[in-house]
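Working notes for the structure below.
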Amino acid sequence: MAESESTSGGVQRPESIPLSSSQQRWLLAAAAISSSVGLAAELLLGTLASYLVGNTALAYGVAVGGFLAAMGLGAYISQFIAVDNQQSQLIKVFLQIELWVAPLTAGLPIGLFVVFVADGPIWLGLFLVTLILGILSGLEVPILTRIIEQDRDVKFALAGVLALDYVGALIGSLAFPVLLLPLLGLFPTAVLIGSLPAFMVFRLGRLFRGMRSWSYWGLCIGVGLCVFAPFVIPFSDRLENTLYRAPIVSRIQSTYQRIVLTRSGNDTRLYLDGDLQLSTVDEYRYHEALVHPALSTHPQRRQVLVLGAGDGMAVREILKWPEVEKVVLVELDPAVVKLARQYPVLVDRNAHALDDPRVAVVYGDAFKLAPQLPDTFDVIIADFPDPDRPALAKLYSQGFYRQLFARLAPNGIFVTQASSPFFAPKVMDCIATTLTATDLQVYPYTVNVPSFGPWGFVLASPKPVQFSSQSLTVPTRFLTPALLPELFQLPKDISIGNAKINRLTDPVIVQYQADPRWSAYY
């Protein structure tokens, strides 16, 4: 190995032992596995950070962007590693890198969660985690390329390693959201993907002469992580319990979000990705205010479209109107509907509304699916989550509204929740402004929901609407005939007409939702 041979270009390189076909295949497989693990780790960190801090765009920006930048740094650092280019030394270095990647990929996300629970510097923690994992991931491809190019030319080495690297990235990007996250959850997934580099070290160590001792380390770490995986769930559950004021009675990781139910006495609360969706103590205030102003105003109300609201509470209020013949509920996440149909407290509160024969549940993205529905609806009710990220902001955009209103009857009524008029006052203003720009008559209103505080809604119609105290004819717990028209009298500190239109190309509503006033919300 000390001798050198001359390449065609006159450059000296160390003598190396020719790679067998099996060794070549496994080195290329290592490129795919490394890339798959790295991409899955990026997505996992972005998902975890968005769950913890709520700012999805920034969370993924730091996690993915920081990871890629750190990979570039790792690729640069690789030139200073094993500078003599000895094949055996390069293989040894690669195995050592993978032995570091394995436990760090498994453990650092859990450590980040601990930092958040301890009220530590979560953004600094996220940056350091992405920096460490990104640098290690960035070392892998250059080292593998240098190993293979000693047996084949640089063109083959780069083509082979990069091809498998991109294939692995595709596998990781699909496997994480489609299979690993919904089936295992965040932290067991971190442990599972962390075990893959360790087992790869075990296999490579047995293929290359003089590396057998490293294969034992790989086997020990891989098996150790698999044994540790079942214990991650109760540990992470205990950590998650500290994030909520009441005991958690159900937790579900769906393909789309983290679903948590808490219960204290007769108060059961539903959270999606850490955001409160309803409290059974006062949800009737919210849902009566969402549904009845629209339905009491429309003279026919035979066909109703509901977007979101998979918990069934809004559908319960709709079905109180005897004229309703059909309710179409478009819900993104089947897990929410399943929970609403099976969890006893929710079933009791929604009065089995989702199993009523008049109700049809359609699963899918309302942005794409709702405008394509074949029916025309007298009333359309949108109960989407707050627009705190671009993926949700599109559901409050002028482009979406224009497509959606092709499904609205000529004298139909549309109503949407509009966040807090106190903590995020420009959100309701933005929705009203956007609907006005869509050629609708707009009527914003507010109601107080104790678990939420003051809450806003915007009702809109192609034609002027009159609100009468005589139009509310169904039984309610909160809303009275006399109170209904009073909801539309806005307080003096809530103004309309100062916000910009929310467009698909300019989702300003995300900025409005991130109002600093939320820091005072408890």
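The values are calculated or read from the model by the stated rules, or taken from the named source; none is laboratory data. Treat the numbers as computed from the prediction; the structure is a model and nothing was measured. Note: ideal-geometry Cβ built from the backbone for every residue, glycine included; neighbour counts use all protein chains shown.
Applying the selection to segment 312-367, what residues are among the aromatic types (Phe, Trp, Tyr) and farther than 22 Å from TYR256 by Cα?
TRP321
For residues that are in a loop (DSSP other than H, G, I, E, B), of a type in the set (S, T, N, Q) and at pLDDT 50 or above, scanning just segment 1-43, find the one that is nearest to GLY168 (Cα to Cα).
Applying the filter and picking the extreme gives SER20.
Can you name every residue in segment 128-162 that is out of contact with any Leu (no Cβ under 7 Å at 6 or more places or on another chain), in a helix (DSSP H, G or I) and charged (D, E, K, R)?
GLU140, GLU149, LYS155
Do we have HIS298 as of a type outside the set (A, V, I, L, M, F, W, C) and at pLDDT below 95 here?
yes
Output the residue which, of all residues in segment 405-424 that are in contact with a Ser or Thr (Cβ under 8 Å, 6 or more places away or on another chain) and buried (at least 23 other Cβ atoms within 10 Å of the Cβ), is nearest to PRO516 (Cα to Cα).
Among residues in segment 405-424 that are in contact with a Ser or Thr (Cβ under 8 Å, 6 or more places away or on another chain) and buried (at least 23 other Cβ atoms within 10 Å of the Cβ), the one nearest to PRO516 (Cα to Cα) is PRO421.
Please indicate, with yes or no, whether at least one residue in segment 166-177 is more than 29 Å from GLN24 (Cβ to Cβ) and part of a helix (DSSP H, G or I).
Yes: segment 166-177 contains one or more residues that are more than 29 Å from GLN24 (Cβ to Cβ) and part of a helix (DSSP H, G or I).
So, in segment 100-151, exactly how many residues are crowded, with 19+ Cβ neighbours inside 10 Å and acidic (Asp, Glu)?
Residues flagged as crowded, with 19+ Cβ neighbours inside 10 Å and acidic (Asp, Glu) within segment 100-151 amount to 2.
From HIS287, HIS292, grab the single residue that is outside any strand (DSSP E or B), free of Cβ contacts under 8 Å to residues at least 60 places away in the same chain and closer than 28 Å to GLN489 by Cα.
Selected residue: HIS287, the only one of HIS287, HIS292 that is outside any strand (DSSP E or B), free of Cβ contacts under 8 Å to residues at least 60 places away in the same chain and closer than 28 Å to GLN489 by Cα.
Could you run through segment 162-208 and say how many residues are of a type in the set (A, V, I, L, M) and closer than 20 Å to LEU99 by Cβ?
Qualifying residue count for the region: 10.
Hey, does segment 355-369 have a residue that's touching an Asp or Glu at 6+ places or on another chain (Cβ under 9 Å), part of a helix (DSSP H, G or I) and among the basic types (Lys, Arg)?
no
Counting only residues that are surrounded by 17 or more Cβ atoms within 10 Å (Cβ to Cβ) and either farther than 19 Å from PHE384 by Cβ or in contact with a Leu (Cβ under 7 Å, 6 or more places away or on another chain) (or both), how many does segment 486-519 have?
Summing the residues that are surrounded by 17 or more Cβ atoms within 10 Å (Cβ to Cβ) and either farther than 19 Å from PHE384 by Cβ or in contact with a Leu (Cβ under 7 Å, 6 or more places away or on another chain) (or both) in segment 486-519 gives 2.
Provide a single number: the residues in segment 386-404 that are buried (at least 20 other Cβ atoms within 10 Å of the Cβ) and either touching a Cys at 6+ places or on another chain (Cβ under 7 Å) or of a type in the set (A, V, I, L, M, F, W, C) (or both).
Result for segment 386-404: 4.
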